[in-house]
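The values are calculated or read from the model by the stated rules, or taken from the named source; none is laboratory data. None of the values given here were measured: they were computed from a predicted structure. Neighbour counts run over all protein chains shown; Cβ positions are idealised from the backbone, glycine included.
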Protein chains: 2
Amino acid sequence: MSILVVGTVAFDSIETPSGSAERVLGGSASYFAVAASFFSSVRIVGVVGQDFPQEYLDLFARRGVDLEGLAKKQGATFHWRGRYHEDLNVRDTMELHLNVLSGFVPNLPESYKDAEYVFLGNIDPSMQMEVMSQLREVRLLACDTMDHWIQGSRHELSRVLGRIEMLVINDSEARLLSGDHNIVKAARTILKMGPKRVLIKRGEYGVLQFSDSSIFATPAYPLEEVFDPTGAGDSFAGGFLGQLARSRDHSERGLRRAIVYGSVVASFAVEDFGLQRLLALSLPEIEERYRRFLQLTDFHT
Amino acid sequence: MSILVVGTVAFDSIETPSGSAERVLGGSASYFAVAASFFSSVRIVGVVGQDFPQEYLDLFARRGVDLEGLAKKQGATFHWRGRYHEDLNVRDTMELHLNVLSGFVPNLPESYKDAEYVFLGNIDPSMQMEVMSQLREVRLLACDTMDHWIQGSRHELSRVLGRIEMLVINDSEARLLSGDHNIVKAARTILKMGPKRVLIKRGEYGVLQFSDSSIFATPAYPLEEVFDPTGAGDSFAGGFLGQLARSRDHSERGLRRAIVYGSVVASFAVEDFGLQRLLALSLPEIEERYRRFLQLTDFHT
């Protein structure tokens, strides 16, 4: 079972209270793809510049990620520079250079068009629409977005929301999108915009999943050291969709377990800078932490 | 099985985005006692002024709370005035009048001294010590505190911590007490100060329980309307100790279930101003929401 992700492949320059990293491999599609690769084969749709090093392409290749849909364009790769506060839930974007990403029109290779599991990562909603229009028989379509598109591309975004099955966003984005401060109300408002399910990521506080008929709440895996929260949300989405594609179990129970797998992968992602921890990770480690997660939250059995 | 609580019995004046309430019944011992009263008999140790109305005493009596240890002194009752932000996790104290509470020395009635379950609510650590010194055969001693005592009465507080079994505090207090920003590290530091278990309340994000050998994490019950968060922490503690006293099950499993009962009672407490919702609550409603809580968090069965 193969997953398709469209999103950014980027250089990230990161400063956290624990240290810093310069121009490391980042971007929503990168985190998602590596996270999902433990469960399923993954195909990336995105764009990089001529400055994108072979070394980074090799990292994807080592995780078996299909790069046929990753275009290489004249110009520089998307570059984000961010700084985290001591409260790692808060970060400032210091620099943002779209570079080759601006004006990029995704063009899916023929072999990608029958993808069954698709994640529209955090990019321009018009690119998300373009990808959707090229797909043939999607089984599950999930989407992320951010404040920039909620505020600046509302109309395009609402068209996307009308066509997807799941929205995966963080709590401040849910508040902004819905206009409701209360997170339960916010989720109910967003469900009316189209998606059958809304997953709300709350960083170190866990995840909430809403549908018309149910709510699922889970804490995050408690960590003694968080080095770099960058990509945690995309790693969550990658682990979540990866496990769904692996299990093919879309029942409420299957979805809940996939959410916990996503949380587990995200908990590894933040243990080191950039993608380092995920690139050194193994499936047995994920399964072991999933079992710990079961113990840590269990008052049911 | 009877529970003893020492803490404040107060007039609260509250302003939240949903409305306001003037001089309603409040204080840590009040919320704790009403919350615990659904599970066990409860005895209050505290002090009120001559302005404390019979009507409020009657509210306790209707919940079967024993008031023999509630002293009535010359002067005015403790009064707190607070204002909540739209983000209900943030509040400002506008006025704080200790009144009869200042210089109060608790004196336990003879019938209280064999209490087995004891909660030292958020008051001066020297008063908490005084209560401990009068107890004979405590089975479980739990304690709360706040920034004011952590900063101003560190020495007294550390003596209290050396003698209790459980500390029940919120996340910002845990950070302040330990000097660690990371909440897992903070809990580990606090465990070294004496308590066998640390329960960290995170408001709408749930609760973490730490011991030397285990961690338990649970989300809070998601609510569509939160009118007034005042007393949520004490209601949690009351539900928690109440259920422990009812079940007498101090196993890891019993403690976890008690934490969820505490969370359930706290979720009711915030649904209306002051103690109104708890005073209108019934045990079947608590049990029903406990069952919903099981469903809402279950990926184990």
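Yes or no: segment B:281-291 includes at least one residue that is touching a strand residue (DSSP E or B) at 6+ places or on another chain (Cβ under 7 Å) and modelled with pLDDT of 95 or more. No, that holds for no residue.
Would you confirm, using the coordinates I've provided, whether A:S158 is within 14 Å of another protein chain (Cβ to nearest Cβ) and surrounded by fewer than 17 Cβ atoms within 10 Å (Cβ to Cβ)? Judged against the criteria, A:S158 is not a match. All of A:A245, A:A217, A:A266, A:A174 fail the test of being more than 18 Å from the chain's Cα centre (by Cα), of a type in the set (A, V, I, L, M, F, W, C) and not in a loop (DSSP other than H, G, I, E, B), apart from A:A217. Scanning segment B:252-290 for residues that are within 11 Å of chain A (Cβ to nearest Cβ) and farther than 29 Å from B:P17 by Cα turns up B:E252, B:R253, B:G254, B:L255, B:R256, B:R257, B:A258.
Assess whether B:R159 counts as being modelled with pLDDT of 95 or more and within 25 Å of B:L108 (Cβ to Cβ). Spell out how you get there, then give the answer.
Values: modelled with pLDDT of 95 or more: yes; within 25 Å of B:L108 (Cβ to Cβ): yes.
For B:R159, the condition - modelled with pLDDT of 95 or more and within 25 Å of B:L108 (Cβ to Cβ) - is met.
Can you say whether A:V260 is free of Cβ contacts under 8 Å to residues at least 60 places away in the same chain, within 19 Å of the chain's Cα centre (by Cα), surrounded by 20 or more Cβ atoms within 10 Å (Cβ to Cβ) and part of a helix (DSSP H, G or I), as far as the supplied structure shows? Taking the combined requirement at face value, the residue satisfies it. Where strands (runs of 3 or more DSSP E) sit wholly within segment B:1-81, those with at least 2 residues that are buried (at least 19 other Cβ atoms within 10 Å of the Cβ) occupy B:2-6, B:10-16, B:19-26, B:41-49.
Go through segment A:153-177 and report how many residues are among the hydroxyl-bearing types (S, T, Y) and under 15 Å from A:R202 (Cβ atoms). Even if it seems obvious, please write down each step before you answer.
Within segment A:153-177, the subset among the hydroxyl-bearing types (S, T, Y) is A:153, A:158, A:172.
Subsequent filtering for residues that are under 15 Å from A:R202 (Cβ atoms) retains A:172.
Residues flagged as among the hydroxyl-bearing types (S, T, Y) and under 15 Å from A:R202 (Cβ atoms) within segment A:153-177 amount to 1.
Number of residues in segment B:192-218 that are more than 7 Å from chain A (Cβ to nearest Cβ), hydrophobic (A, V, I, L, M, F, W, C) and under 15 Å from B:S172 (Cβ atoms): the value is 4.
Within segment B:240-250, is there a residue that is within 14 Å of another protein chain (Cβ to nearest Cβ), surrounded by fewer than 22 Cβ atoms within 10 Å (Cβ to Cβ) and within 24 Å of B:A187 (Cα to Cα)?
Within segment B:240-250 (the criterion being within 14 Å of another protein chain (Cβ to nearest Cβ), surrounded by fewer than 22 Cβ atoms within 10 Å (Cβ to Cβ) and within 24 Å of B:A187 (Cα to Cα)), the answer is yes, since at least one residue qualifies.
For segment B:229-236, the criterion of being polar (S, T, N, Q), closer than 19 Å to B:R91 by Cβ, away from every other protein chain (no Cβ under 14 Å) and part of a loop (DSSP other than H, G, I, E, B) is met by at least one residue.
Got at least one residue in segment B:24-46 being polar (S, T, N, Q), under 21 Å from B:V100 (Cβ atoms) and under 15 Å from the mean Cα position of the chain (by Cα)? Can you show your working first?
First, the residues of segment B:24-46 that are polar (S, T, N, Q): B:28, B:30, B:37, B:40-41.
Among the residues that remain, those that are also under 21 Å from B:V100 (Cβ atoms) are: B:28, B:30.
Among the residues that remain, those that are also under 15 Å from the mean Cα position of the chain (by Cα) are: B:28, B:30.
Within segment B:24-46, one or more residues are polar (S, T, N, Q), under 21 Å from B:V100 (Cβ atoms) and under 15 Å from the mean Cα position of the chain (by Cα).
Could you go through segment A:101-113 and let me know if any residue there is touching a Leu at 6+ places or on another chain (Cβ under 9 Å), aliphatic (A, V, I, L, M), buried (at least 17 other Cβ atoms within 10 Å of the Cβ) and closer than 21 Å to A:G231 by Cβ. Within segment A:101-113, none of the residues are touching a Leu at 6+ places or on another chain (Cβ under 9 Å), aliphatic (A, V, I, L, M), buried (at least 17 other Cβ atoms within 10 Å of the Cβ) and closer than 21 Å to A:G231 by Cβ. Candidates are the residues of segment A:132-171 that are charged (D, E, K, R) and under 14 Å from A:L199 (Cα atoms); the one that is nearest to the chain's Cα centre (by Cα) is A:D144.
Look through segment A:269-301, keep the residues that are charged (D, E, K, R) and in a loop (DSSP other than H, G, I, E, B), and return whichever of them is farthest from the chain's Cα centre (by Cα).
The qualifying residue farthest from the chain's Cα centre (by Cα) is A:D298.
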